[in-house]
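**Student:** One structure, as structure tokens, below. Some questions next.
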Amino acid sequence: MFSGWNLSATGRVLATACACFLVGTFLLAGQAEARSAALEKVIAGAKKEGVLKILWTEDHFGADSGIADMIRAMNKRYGTNVRMQFTEGGSFPANLGRLIQEYKAHQPASTDIFLGSANHMVAGLHSGMLMKVDWNALVERPAPKDAVFDRVNPGGVGMAVASRVVGIVYNTNLVKGADIPYSIEDVLKPKWKGMVATTPYVTGFYQFAAPDILGEKFMTDYVKRLKPQIGGFITCNSLDKVASGQFAMLIFDCGRDAALRYQRTGAPIAQAVPKEVVRDNVIDLGVPATAEHPNAGKLFIAFLQTKEGQELLW
């Protein structure tokens, strides 16, 4: 399953109360870990390939240093000696567009692993860019019977590995007390005219416009009212312009993890979850159909489903 919203009795959307990351909470029921013949074949293939090429989106998963820790643990677990070739990429949509162009041109993919959320994985499925894999044959931990959703994406084009709660990021020096945006209406106050940022790929708005949530007409009207407030665009994970005070807020972010990273550096950043909608954004990984090192990519994704992999991801 690709999405992450549910409708409550009051008509508002409530999601899982996770802090920011980890699909592991959905996977803890199956602790028995045994390697299948399919996994052993992938391990052997990864040993021959010896490389994992990653074009990553900004600083997700700790960027090169965080992924390097995961690859070291993966190598130790499976007896491989995979080396990482890391390139910092752009946003999910930018990386997706690049990979689809490479696929259509029959060129090797820029990365052995694609990182994206629901709509990006759907695009990877429909375009043929993402490889279809029998992930349940590779993953060591069986899914619990009471899983919240299917961890395997439709068509086998990827697996869910993490989730994060979407909200409104704000500068704590500028936005205080009654001004903290616990409602999407709070962003419309005259004092914030030109002081609000959004993402160029309008994160959040297209999900919240679904007919059974806030309604398409409501969101269309809201966006019209919001336009005077928007002073510019930033990406979900580059919050420097909010931290510096150039913008007072970002509506919406891609998940709470970016705000947490900035808080740990002492930046005046916080996140508020609006009362109208709480979205739990699921993060997925898949292997491009033209990946140069597909076995290394598959093995890394399978490793992140282990208890050790989920702990490192957290």
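The values are calculated or read from the model by the stated rules, or taken from the named source; none is laboratory data. Note that the coordinates shown come from a computational prediction; the quantities given were computed from them, not determined experimentally. Methodologically, a virtual Cβ is constructed for each residue, glycine included, from the backbone with ideal geometry; neighbour enumeration extends over all protein chains shown. Accessible surface is based on the protein model in full, side chains and every heavy atom, while ligands, DNA and RNA are left aside. Shrake-Rupley method; radii C 1.70, N 1.55, O 1.52, S 1.80 Å.
**Student:** Just to be sure I understand, how many residues within segment 128-148 are part of a loop (DSSP other than H, G, I, E, B) and within 27 Å of Gln101 (Cβ to Cβ)? I'd like the intermediate steps shown before the answer.
**Tutor:** Taking segment 128-148 and keeping what is part of a loop (DSSP other than H, G, I, E, B), we get 128-129, 131-134, 138-148.
Still in the running and within 27 Å of Gln101 (Cβ to Cβ): 128-129, 131-133.
Here the count works out to 5.
**Student:** Let me ask something else about it. Could you please give the count of residues in segment 96-119 that are within 20 Å of the chain's Cα centre (by Cα), at pLDDT 90 or above and open to solvent by 10 Å² or more (accessible area, probe 1.4 Å)?
**Tutor:** So the count comes out to 5.
**Student:** Open to solvent by 10 Å² or more (accessible area, probe 1.4 Å), within 30 Å of Met129 (Cα to Cα), of a type outside the set (A, V, I, L, M, F, W, C) and in contact with a helix residue (DSSP H, G or I) (Cβ under 8 Å, 6 or more places away or on another chain): does that describe Pro154?
**Tutor:** On the way: open to solvent by 10 Å² or more (accessible area, probe 1.4 Å): yes; within 30 Å of Met129 (Cα to Cα): yes; of a type outside the set (A, V, I, L, M, F, W, C): yes; in contact with a helix residue (DSSP H, G or I) (Cβ under 8 Å, 6 or more places away or on another chain): yes.
Against the criterion (open to solvent by 10 Å² or more (accessible area, probe 1.4 Å), within 30 Å of Met129 (Cα to Cα), of a type outside the set (A, V, I, L, M, F, W, C) and in contact with a helix residue (DSSP H, G or I) (Cβ under 8 Å, 6 or more places away or on another chain)), Pro154 qualifies.
**Student:** Here's something else I'd like to know. Would you say Asn281 is in contact with a His (Cβ under 8 Å, 6 or more places away or on another chain) and at pLDDT below 95? Spell out how you get there, then give the answer.
**Tutor:** Numbers: in contact with a His (Cβ under 8 Å, 6 or more places away or on another chain): no; at pLDDT below 95: yes.
Against the criterion (in contact with a His (Cβ under 8 Å, 6 or more places away or on another chain) and at pLDDT below 95), Asn281 does not qualify.
**Student:** In segment 287-302, what residues are in a helix (DSSP H, G or I) and either out of contact with any Leu (no Cβ under 9 Å at 6 or more places or on another chain) or charged (D, E, K, R) (or both)?
**Tutor:** As a first pass, look at segment 287-302 and keep what is in a helix (DSSP H, G or I): 294-302.
Selection gives Pro294, Asn295, Lys298.
**Student:** Any chance you could count how many residues in segment 217-250 are part of a helix (DSSP H, G or I) and either within 25 Å of Gly62 (Cα to Cα) or of a type in the set (Asp, Glu) (or both)?
**Tutor:** Residues that pass the stated criteria total 5.
**Student:** Please pick out the residue among Leu260, Leu239 that is open to solvent by less than 10 Å² (accessible area, probe 1.4 Å) and of a type in the set (A, V, I, L, M, F, W, C). Full working, then the answer.
**Tutor:** Values: Leu260 fails: open to solvent by less than 10 Å² (accessible area, probe 1.4 Å).
Among Leu260, Leu239, only Leu239 is open to solvent by less than 10 Å² (accessible area, probe 1.4 Å) and of a type in the set (A, V, I, L, M, F, W, C).
**Student:** From the list Gly266, Gly255, Gly297, pick out the single residue that is free of Cβ contacts under 8 Å to residues at least 40 places away in the same chain and either crowded, with 24+ Cβ neighbours inside 10 Å or under 30 Å from Lys189 (Cα atoms) (or both). Reasoning before the result, please.
**Tutor:** On the way: Gly255 fails: free of Cβ contacts under 8 Å to residues at least 40 places away in the same chain; Gly297 fails: free of Cβ contacts under 8 Å to residues at least 40 places away in the same chain.
After applying the criteria, what remains is Gly266.
**Student:** OK, next. Restricting attention to segment 251-286, which residues are farther than 17 Å from Val133 by Cβ, charged (D, E, K, R) and outside any loop (DSSP other than H, G, I, E, B)?
**Tutor:** Arg256, Asp257, Arg261, Arg264, Arg279, Asp280
**Student:** Quick check on segment 78-88: of everything there that is open to solvent by 20 Å² or more (accessible area, probe 1.4 Å) and of a type outside the set (Ser, Thr, Tyr), which residue is modelled with the lowest pLDDT? Lay out the reasoning, then the answer.
**Tutor:** At the first step, the residues of segment 78-88 found to be open to solvent by 20 Å² or more (accessible area, probe 1.4 Å) are 79, 81, 83-88.
Cutting the leftovers down to of a type outside the set (Ser, Thr, Tyr) gives us 79, 81, 83-86, 88.
On the way: Gly79: 97, Asn81: 97, Arg83: 96, Met84: 95, Gln85: 94, Phe86: 90, Glu88: 83.
Checking each candidate, the answer is Glu88.
**Student:** Oh, and also: Of the residues that sit in segment 269-282 and are open to solvent by less than 30 Å² (accessible area, probe 1.4 Å) and hydrophobic (A, V, I, L, M, F, W, C), which one is nearest to the chain's Cα centre (by Cα)?
**Tutor:** The qualifying residue nearest to the chain's Cα centre (by Cα) is Val282.
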